[in-house]
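First up is the structure itself, then whatever we jot down about it.
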Amino acid sequence: MNGGGLGYGRRKLTGHVMMAGSLVAACIAVALLFWIIGYVFIKGIHGINLDFFTELPTPVGVEGGGLANAIVGSIIVVGMAALMAVPVGVAAAVYLSEYGRGLFASSVRFVADVLAGVPAIVAGIVAYALVVSRMGRFSAFSGSVALAILMLPIIIRSSEEIFKTVPNTLREASLALGIPRWRTVIKVVLRTASGGLVTGIMLAVARVGGEAAPLLFTAFSNSFWSLRPDQPMATLPVQLFNYAISPYDDWHEKAWAAALVLIFMVLMLNIAAKMYAHRRPGR
Amino acid sequence: MAGSIKRSGKFDIERAFRGGTAALALSVLVLGAIIVYELFSSSGPAFDRFGFGFITSRDWDPVSELYGALPFIWGTFYTSILALVIALPLSLGIAVFLTELAPVWLRGPIGFMVELLAAIPSLVYGLWGLFVLAPIMQEHIQPFLAQYDYLPFFKGYPLGLGIMTASVIVAIMILPTISSISREVMYTVPETQREGGLALGMTRWEVVSKVVIPYSRSGILGGVILGFGRALGETMAVTMVIGNTPQITMSLFDPGYTIASVLANEFAEATEKVHLSVLVELGLILFVISILMNSAAKLLLWRMNRYGSGSGS
């Protein structure tokens with residue numbers, strides 16, 4: 001290896017090949033992203049029309065129809081999950097960042113981290129055991145419980161990170177004015193961090209909004225309008241799954257349209273969050 | 001007197017606020033305990049009936065009450081390991097590109113695009129895998145690999161839907177996890193280390209392979225374990241492309257089944273108590289494995305943080 005000019009040439013060549021390899025790896029990842037998004041866009045755009053957003057699903061072979069109930073269902077199920085997970089998560093994060101020291105706080109952090117890696121389908125099983133088996137039927141509420149289990153650790157970890165970025169000088173200034181700690185947290189820390197909090201919540205919503213696994217046997221599905229949380233409810237991801245594995249071309253087209261809607265939602269939320277995160281340091 | 005009453009009033013709000021947020025923080029621990037309790041208690045009947053033989057038995061036929069977990073455990077690990085084999089070199093390549101090679105203005109956008117791969121819902125990967133990747137595999141890649149059918153991996157008929165397609169899809173999905181963590185830890189390698197290597201006459205690649213990667217080894221390992229944990233639990237995309245056949249096979253062309261996908265397929269329709277309980281037990285196995293993977297990864301990354309930046313909490 002070391003020594004003559006030939007060895008150096010070979011080392012240089014290896015170096016160039018490997019570095020070119022890293023360029024290729026990055027190109028593959030970016031190409032995959034555009035390939036997948038582009039393909040979903042091209043296949044899905046046909047299915048996107050007014051009916052898709054306003055009509056109920058039609059039986060096989062009947063033209064037209066849409067996924068209005070599934071879209072509304074997704075909003076309800078994810079919304080209820082956020083109502084459960086966001087207040088608890090943000091409050092827990094307040095504790096961790098403002099008071100959290102010692103063994104208790106470390107174990108909460110550790111458990112939140114570990115729970116963040118629980119497979120989505122396991123959250124569904126837990127919600128099934130907790131709610132569905134006790135109520136005796138599938139329900140939108142049980143789906144929300146499953147999604148809330150997934151959201152909670154994400155929100156805790158992202159909110160704590162955001163609270164940590166609030167400069168200590170702001171807290172000290174407020175405390176020096178004689179404002180008690182709890183008011184400092186609400187009026188200064190929470191307010192300063194509010195934008196970042198919203199970003200974190202948006203990302204958590206984007207993350208669970210596309211999940212079908214925990215909803216398959218909790219919220220289940222429904223071909224009709226249903227706004228009752230104690231009844232099965234259609235959601236966009238579950239409907240997408242059912243359509244995708246069906247043998248009908250018409251339903252496949254709807255599945256692509258649903259995928260386009262999902263991907264659009266997820267991309268918008270992610271890009272908005274990214275843009276916000278970019279703006280923050282400048283303010 | 002009045003002053004002291006007022007002071008104690010203030011004190012109470014302070015304490016209530018602190019206690020209230022602490023209680024909600026406690027709810028995370030409670031949630032963890034509930035998950036463990038529910039999984040154990042609901043899988044109890046299955047465990048009582050089949051014991052540990054459940055894990056080593058390989059027959060699965062709910063109609064005649066034959067429940068063996070081995071094909072699912074095999075399928076889960078086999079696809080995840082293959083996914084890791086595919087994803088690891090690519091992820092490291094991306095991380096190296098982003099930390100060592102790319103001009104600074106390009107790092108942000110490329111890094112963001114790689115992370116977007118993680119944001120795409122599992123279902124969309126499944127749909128794409130089912131209608132785009134599986135046909136490509138069946139018509140082009142698998143017939144090519146079938147020439148090497150003296151290897152156990154490439155035996156059988158190219159079906160498209162099967163272990164190979166599932167592994168590739170999962171590899172794409174865990175790529176962002178491994179590459180973003182590797183990138184983070186590679187950033188923590190002090191510039192002086194790189195300069196030292198360059199000053200010794202190393203090529204850029206030698207700096208990467210002999211300085212940067214060894215320096216960030218344990219962090220990369222943490223990312224790999226995290227990615228592996230994610231691969232094990234991946235559900236919808238795998239369910240849509242793996243072919244859902246409970247069998248133990250080495251061939252990448254054959255269909256398989258994973259723990260997560262049998263849960264997705266059978267849970268809603270499981271009416272027999274035993275069947276349901278068996279499925280929960282499978283969920284428990286998946287849960288325990290993911291928890292172990294995650295804890296291991298967290299410990300590695302925590303240690304890394306502590307020694308790396310010297311300011312861990």
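The values are calculated or read from the model by the stated rules, or taken from the named source; none is laboratory data. These numbers were taken from a predicted model, which means no experiment stands behind them. Cβ atoms come from the backbone with ideal geometry, glycine included; neighbour counts cover every protein chain shown. Note: accessible area is taken over every heavy atom of the protein model, side chains too, but ligands, DNA and RNA are not part of it. Shrake-Rupley method; radii C 1.70, N 1.55, O 1.52, S 1.80 Å.
The set of residues from the stretch A:217-269 being among the polar types (S, T, N, Q) and either more than 23 Å from A:Ser139 (Cβ to Cβ) or assigned to a helix (DSSP H, G or I) (or both) comprises A:Gln239, A:Asn242, A:Ser246.
The rows are residues; the columns are (1) under 28 Å from B:Leu286 (Cβ atoms); (2) in contact with a Lys or Arg (Cβ under 7 Å, 6 or more places away or on another chain); (3) outside any helix (DSSP H, G or I); (4) β-branched (Val, Ile, Thr).
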| residue | (1), (2), (3), (4) |
| --- | --- |
| B:Asp12 | no, no, no, no |
| B:Leu39 | yes, no, no, no |
| B:Ser43 | yes, no, no, no |
| B:Ile55 | yes, no, no, yes |
| B:Val63 | yes, no, no, yes |
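Please specify each residue of the stretch A:45-79 satisfying the condition of being open to solvent by 10 Å² or more (accessible area, probe 1.4 Å), modelled with pLDDT under 90 and small (Gly, Ala, Ser). Hits for the stretch A:45-79 are A:Gly47, A:Gly61, A:Gly64, A:Gly65. Set side by side, the residues B:Glu14, B:Glu65, B:Glu38, B:Glu100 differ, and just one is under 28 Å from the mean Cα position of the chain (by Cα), surrounded by fewer than 20 Cβ atoms within 10 Å (Cβ to Cβ) and either within 11 Å of chain A (Cβ to nearest Cβ) or not β-branched (Val, Ile, Thr) (or both), which is B:Glu100. When A:Gly65 is tested against (1) part of a helix (DSSP H, G or I); (2) in contact (Cβ under 8 Å) with a residue 12 or more places away in the chain, just one condition goes unmet, and that condition is (1). Every test in (1) of a type outside the set (Gly, Ala, Ser); (2) assigned to a helix (DSSP H, G or I); (3) within 12 Å of chain B (Cβ to nearest Cβ) is passed by A:Phe138 save one, and that test is (2).
Answer with yes or no whether A:Gly89 is under 12 Å from B:Ser27 (Cα atoms), crowded, with 24+ Cβ neighbours inside 10 Å and more than 7 Å from every other protein chain (Cβ to nearest Cβ). So A:Gly89 passes the test. Scanning the stretch A:210-235 for residues that are closer than 17 Å to B:Pro121 by Cα and open to solvent by less than 10 Å² (accessible area, probe 1.4 Å) gives A:Gly210, A:Ala212, A:Ala213, A:Pro214, A:Leu215, A:Thr235. Evaluation of B:Phe228 against the conditions (1) away from chain A (no Cβ under 14 Å); (2) open to solvent by less than 40 Å² (accessible area, probe 1.4 Å); (3) closer than 29 Å to B:Thr245 by Cβ shows that the sole unmet condition is (1). Residue count for the stretch B:265-279 under the criterion of being open to solvent by less than 10 Å² (accessible area, probe 1.4 Å) and in a helix (DSSP H, G or I): the result is 3. Considering the stretch A:18-42, and only residues there that are more than 8 Å from chain B (Cβ to nearest Cβ) and aliphatic (A, V, I, L, M), the residue that is most open to solvent (accessible area, probe 1.4 Å) turns out to be A:Ile42. If the condition is being closer than 13 Å to A:Ala93 by Cα and touching an Asp or Glu at 6+ places or on another chain (Cβ under 9 Å), then the stretch A:161-195 contributes A:Phe163, A:Val185, A:Val189. Among the residues here, A:Leu216 qualifies as under 20 Å from the mean Cα position of the chain (by Cα), of a type in the set (A, V, I, L, M) and within 9 Å of chain B (Cβ to nearest Cβ).
Residues in the stretch A:80-113 that are under 17 Å from the mean Cα position of the chain (by Cα), modelled with pLDDT under 95 and hydrophobic (A, V, I, L, M, F, W, C): A:Ala112 only. Could you please find all residues in the stretch B:139-158 being open to solvent by less than 70 Å² (accessible area, probe 1.4 Å) and either part of a helix (DSSP H, G or I) or without any contact (Cβ under 8 Å) to a residue 24 or more places away in the chain (or both)? Residues satisfying the conditions are B:Ile141, B:Gln142, B:Pro143, B:Leu145, B:Ala146, B:Leu151, B:Pro152, B:Phe154.
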